[in-house]
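To start, the structure itself, in structure tokens.
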Amino acid sequence: MMRQIYFFLSFTVLLFSFHCFGGQEFPENKQTSQTTQSTPSPTFTVSFNSTSQTTASETGTVLVTVTLSAKQNTDVAIPFTVNATSTATSPADYSIPSSSVTIAAGSLSADITVTLNDDSLTEGTETIILNLSTPSLGSLGNITTHTINITDDDIVYPSVSFTAASQASTSESGTMSITVQLSSPTVVDVTVPFTVNPSSTASSPSDYTISNSPVTIPQGNSSATITITIATDTLYEANETIVVDMGTPTNATQGSITTHTATITDDDTMPSVSFASASSSAKESDASATVSVQLSTTSGVTTTVPFTVSGTANNPSDHDLASGTFTIPAGQTSSSITINIINDSTAELSETIVLTMGSPTNATQGSITTHTLTILQSDVQIVGQVLDATTSTALAGVSVSTTDSALNLISDTTDSSGNFVLTSDDFTETSSYVLTLSKTNYITRSDVSATINAGSNSITGNPVSLVRNSGNIVGQVLDDHTLNPLSGVTVSATDGAGNVKTTTTDASGNFILTSSDFWLGYSYTVNFSKSNYYAGNTTVNMTIAGNNTISTNPYALYINASITGTAVSDIGGGASGVTVSVTDENNNVLTATTAADGSFTINGTGSPPNNSFHKGKSYTVSFTSVDYNNNSATVSSVAEGSNTILPNPITLVTYKDGNHKVTGRVVDYWDDSVGITTGIDSARIEIDDESGTVSVTAAADGTFTATINAIATKTYPIRILVPVTGSMVSQYTGETDTTKTATTFTATNVAPAPPPSNTQSIGNFMLYPIGIRAVIDGTNKKFSGHIKQTNERFLTGKTGFTLSARDCATCDFTELKTAESFFLHADESSPMTIPASLLPSSNYDPNRGNPNITDIRVTTLPVNGASRRGAIQEGLQNDTRAAAWGITGSVFYAIQVTNTGSFTVNTTGGVNLKLTLYDPSGTQLGTASGTNPSLNQTLPAGWNFLKVQGATNNDYGIFDVSLIGPNQTSSPTGTWTTNDLILSWYSNTEKLLYIAGNNEQNSSGSLTISRIDAVGGIARGTFSGTLKAIDPAATAKTVTNGYFNVIREE
């Protein structure tokens, strides 16, 4: 937080310094203090700064720092020795150039340099132990011994692996060995821990035992063995695994094979499996039956026996058994399944369910691999379905009958699905029977037969169809209310098969529709249509096989008519907004309003037979408007479709008034936005009317009245000029122009001749206040003084649009320091970056000018904007006052170019200068020297840089520099949020700063730049947020309705 306060205060000082000195600070001269020579203090101590350090390898140098407890004004020599207990030897392992270290006068420390000598021996970590001896002056401190640990970089640990990833035994007896192997022998014992993985399928001790973990490879050896002892049994079971995982070895690293799988191979005989019997039988009434399989001997693993189902019985109509699997768990010898038999009333012959064994798992097939279950016979049926021959849909209500072998009449009626069932105990197997099918309005059939081959027997050719009886549709169509026959009418109906049948009326208005699917006993909708007629429909009931007449016959079709035309103004163009009306046959007044080109259409709204316009009738059309004299036209003998007025177009005469009064008000845009209607006095209003330009001045409350020569409906330009006199001078801009707001209005309420004239209110017109406005914690705040707009860096570390203003317009220096102020900043999306070639070198002299981006002497230079002032020293570099005053050897300026082209740098001030331009990569573009030099150069897009320095080492002084070139837009429009902006407000009543922006916890903000013109144009936008105080005890402030509007300087 202290950093942020510092930077903001720096901004305040720089703002004032800019106005006074162009960015340079000139503080008062400082007195140089005198230093008195003194003698060394005998009470100081000398010590190492640490007790030890460890190197990364056996190469390079090591610095051991010796420190004094206090600076001395003479050199201090400190002797030291290498302790005999050191394990490193010189010069084989290291070298030290001397046995004494000297700390120079005025310094607190010096370094002993130890050079390490590399070798390829494996020898472990070695030490160099240094001991301080008592110096000639002073005494030893608390750390007098320093140990350097030289890390041996030649040690390489071997790796250890299993020799194989897996093995398998030949039987269930004996042992298996697992070998662990080193990549190379080592001088120390290697221990290798191991564990048995839980995924192993063998169990200990029932299946095996294993030697203890860890296994040790002795020094000088390269391998060791883990032993598995296998336990023998006689039970058939699956091969089992023992998975051994290597742990982290000691004095070695894990190699490539760290898991070994040992498989115990089972050597017992597999049992066989059979069905318990080859066949069985059951009745439907038994409900279920059981089938079993049997092992030849007990097994140690689960046995599965797959089977498939076949036979003449069906699933699910006869039973519920599907192909599946018998499962015999380990330790058991048999398994059974239950088959559910469906007991229904369906007549059936005897049927079979055949189970066929597949290949079992963990067993072999025995002697019986098939089992047949027989379901005994029941009643016999003849079944079938009847469809409608035309629609191919199910036909319900059909009577179906036949005679069985005992001469009994067997009958049924089809259901909603068209199905029937004839049931008899006397339908003889292999015999054929003839059926009769009949239904009203359908043709009877006696050619359907069925042969008995099963319990349920379908008719031959199932399903079968019945054909409907049909007829034709006839009628006549008349023309509207004339009752004359109407030819050319499209007549259509959809028949029973879903086909649309269509015809056209003849000269007598008659029609006939034919289809074999206009079925008797049905009703159909008959549709009528003709262009520009209302569509209509009626019905027909099909009762006979011949012609069937429509229910409403003859049928009248009514016209759909509209009235169209165009009204034009006597002053030219279409007469828009005119009310057009006509009274229809139902005494309804139908209206329309003319469009911008004066055109209109009145559509009939009545429903047949009460349609609005009748064929052959004439109608009067009226035109009324507040801007025109009334007029009328006619439509003679209306026909179907569009009917045009006579005359067309019809001319309407406008109202004109040479004393038309318009009133309005010029108001402050921001005040109006927060609910305060503040008038702007002295604003000039110019209106271009029929006679020229009328000019009036707004009153103190902003209101104005102008008398103009106007014509109704005509649009007139109006301009609201920024005040150039009175109390509002230079305080406003227009909406898009710095000098005016230009718009238009349309003359309305113009009085018809003769007078008196009418008055028209044309509303409020906005001028935009210059400065910053905001509502801070509910209080309206206005900042209109000392406005500064730049493009520079601030607390976010990025350049961008920057604006500040104060709440006093003419503050003196004392008032300026305490005035309430507001500051806002929005980051550029591509901030300024100084090329590395322009940054200071290692031998850089700070008094000769620092071009680093963090230095305040790098400032932006606007294109076509205000000049910048700077100062250079050159010949004053040896004068201590130059550095104290902030005068540098060179000054850097940053130039942002968005619109490329030719640019000219101009200087004034009479100083002999050298100018150098650099592109964004730091490449020199051009240079110029002399008194008040100029430099013309084409600049690329991006941040370019200008360096200003004395032409020689003897040149110095204050200069002004400016830049001329194509207009630029240095900041984009858009919206910035908290991490990319700064909003700050200084309260002069609380003497407290509030701020929102990046790294300011518990603050938030949003800033929108909605307009940014070239230099001299308008920059405008809005903002809001929550500003936190720099005093943690103070409450945050809410900012709403934030607004800024300035004439762009940069």
When the dipole is taken about the Cα centre of segment 656-769, and only Lys, Arg (+1) and Asp, Glu (-1) are charged at their Cβ, what size is it in debye, to the nearest 20? 260
Over all alpha-carbon pairs in segment 226-291, figure out the percentage whose distance exceeds 20 Å. 63
Per q in 0.10, 0.11, 0.16 Å⁻¹, report the Debye log10 I(q)/I(0) for segment 109-233, using one uniform scatterer on each alpha carbon and no solvent. -0.58, -0.63, -0.92
Convex hull per residue volume in Å³, alpha carbons only, for segment 928-1050: 190
Please give the FRET efficiency for THR430 paired with THR352, using the beta carbon to beta carbon distance and R0 = 22 Å, rounded to the nearest 0.05. 0.65
List the aspartates and glutamates whose alpha-carbon lies under 13 Å from that of LYS781, not counting same-chain residues fewer than 8 positions away? ASP671, ASP807, GLU820
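For segment 308-348, what is the Kirkwood hydrodynamic radius in Å, using each pair of distinct C-alpha atoms? Don't skip to the answer; put the middle values down first.
Details: mean 1/r = 0.0811 Å⁻¹.
It works out to 12.3 Å.
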For segment 656-769, treating each Cα as an identical point scatterer without solvent, what Debye log10 I(q)/I(0) comes out at q = 0.24 1/Å? -1.28
Give me the mean projected area, in nm² to one decimal, of the convex hull enclosing the Cα positions of segment 380-466. 5.0
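Mind giving me the FRET efficiency for SER166 and THR127? R0 is 41 Å, r the Cβ-Cβ distance, nearest 0.05 is fine. Write down the numbers at each step before the final one.
On the way: r = 49 Å, r/R0 = 1.18.
So the FRET efficiency works out to roughly 0.25.
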Taking segment 196-256, the whole-percent share of alpha-carbon pairs separated by over 16 angstrom is 56
Based on the Cα gyration tensor of segment 888-985, what are the three equivalent ellipsoid semi-axes, each the root of five times an eigenvalue, rounded to whole Å and given largest first? 29, 17, 12
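Could you please tell me the mean projected area of the C-alpha convex hull for segment 214-333, averaged over all directions and given in square nanometres to one decimal? Numbers along the way, then the final one.
Details: hull surface 52.7 nm².
Across all orientations, segment 214-333 yields a mean hull projection of 13.2 nm².
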What residues of segment 302-335 lie in the reach of a label at SER345, counting those whose backbone N is under 11 Å from a point 7 Å from the Cα along Cα→Cβ? none
Extension gain, ASP233 back to LYS991 (0.36 nm per residue minus Cα-Cα distance, nm): 263.3 nm
With -39,500 (n - 2.57) per DSSP H segment of 4 or more residues and division by the full residue count of the chain, the 222 nm estimate, nearest 500 deg cm²/dmol, is -1000 deg cm²/dmol
What is segment 45-150 by shape, rounded, prolate or oblate, if you read a ≥ b ≥ c off the alpha carbon gyration tensor as root eigenvalues and call it rounded for a/c under 1.5, prolate for a/b larger than b/c, and oblate otherwise? prolate
Find the eigenvalues of the gyration tensor of the Cα atoms of segment 658-703, then list the square roots of 5 times those eigenvalues as equivalent ellipsoid semi-axes, largest first, in whole angstrom. 25, 10, 9
Using only the alpha-carbon atoms of the chain, report the extent along each of the three principal axes, biggest first, to the nearest angstrom. 151, 132, 54
Whole-Å distance linking the alpha carbon centroid of segment 437-498 with that of segment 970-1016 is 83
Using +1 at the Cβ of each Lys and Arg and -1 at the Cβ of each Asp and Glu in the chain, identify which of VAL1046, GLY679, ILE382 lies farthest towards the dipole's positive end. GLY679
Segment SER211-SER281, extension gain: residue separation times 0.36 nm, minus the distance between their alpha carbons: 19.1 nm
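How large is the dipole of the chain about the Cα centre if only Lys and Arg carry +1 and Asp and Glu carry -1, each at its Cβ, rounded to the nearest 20 debye?
Working: 39 positive and 84 negative charges, 1046 e Å.
Magnitude of the dipole: close to 5020 debye.
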Rounded to the nearest 0.05, what FRET efficiency do ILE512 and ASN588 give with R0 = 35 Å and r taken as the Cβ-Cβ distance? Could you check? 0.35
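Kirkwood hydrodynamic radius (Cα pairs, Å) of segment 561-652?
Result for segment 561-652, one decimal place: 13.1 Å.
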Roughly what would the spin-label model give for ALA77 and ASN462, points 7 Å off Cα along C-beta, in nm? 12.8
Within straight cross-link reach of LYS798, meaning Cα distance under 14 Å, which aspartates and glutamates are found once same-chain residues fewer than 8 apart are removed? ASP827, GLU828, ASP855, ASP980
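How large is Rg/Rh for segment 272-375, to two decimals, with Cα atoms and a Kirkwood Rh? Walk me through the numbers on the way to the answer.
Details: Rg = 14.3 Å, Rh = 14.1 Å.
With Rh from the inverse mean 1/r over Cα pairs, Rg/Rh is 1.02.
May I ask for the Rg/Rh ratio of segment 942-997, computed from Cα atoms with Rh as the Kirkwood radius, given to two decimals?
Using Cα coordinates only, the ratio equals 1.18.
Can you give me the Kirkwood hydrodynamic radius for segment 472-557, using every pair of distinct Cα atoms, in Å to one decimal?
Details: mean 1/r = 0.0784 Å⁻¹.
With all distinct Cα pairs of segment 472-557 included, I get 12.8 Å.
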Distribution of pairwise C-alpha distances over segment 620-697, 5 Å bins, in %: 3, 10, 13, 11, 10, 8, 10, 8, 8, 7, 7, 3, 1
Taking only Cα atoms of segment 88-159, what ratio of Rg to Rh do you get with Rh as the Kirkwood inverse-distance radius? 1.10
Pop a pseudo-label 7 angstrom from the Cα along the beta-carbon direction at both THR601 and ASP1031 and give the gap in nm to one decimal. 7.3
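Give, in nm to one decimal, the length gained when the segment between ASN484 and THR451 is fully stretched (0.36 nm per residue of separation minus the Cα-Cα distance). Spell out each step's value before the answer.
Details: separation 33, 0.36 × 33 = 11.88 nm, distance 6.55 nm.
Extending this stretch completely gives an extra 5.3 nm.
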Please work out the Cα center distance from segment 556-597 to segment 890-915, rounded to the nearest Å. 70
Taking 37 °C and 0.692 mPa s as the conditions, I'd like the Stokes-Einstein D for segment 159-264 in µm²/s, using the Kirkwood hydrodynamic radius from alpha carbon pairs. 231
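Where a number appears in this text, it was derived from the coordinates with a stated rule and is not lab data. Keep in mind the model is a prediction, meaning the values are calculated, not measured. Using ideal geometry, Cβ is built from the backbone for each residue, glycine included, and neighbour counts are taken over all protein chains shown.
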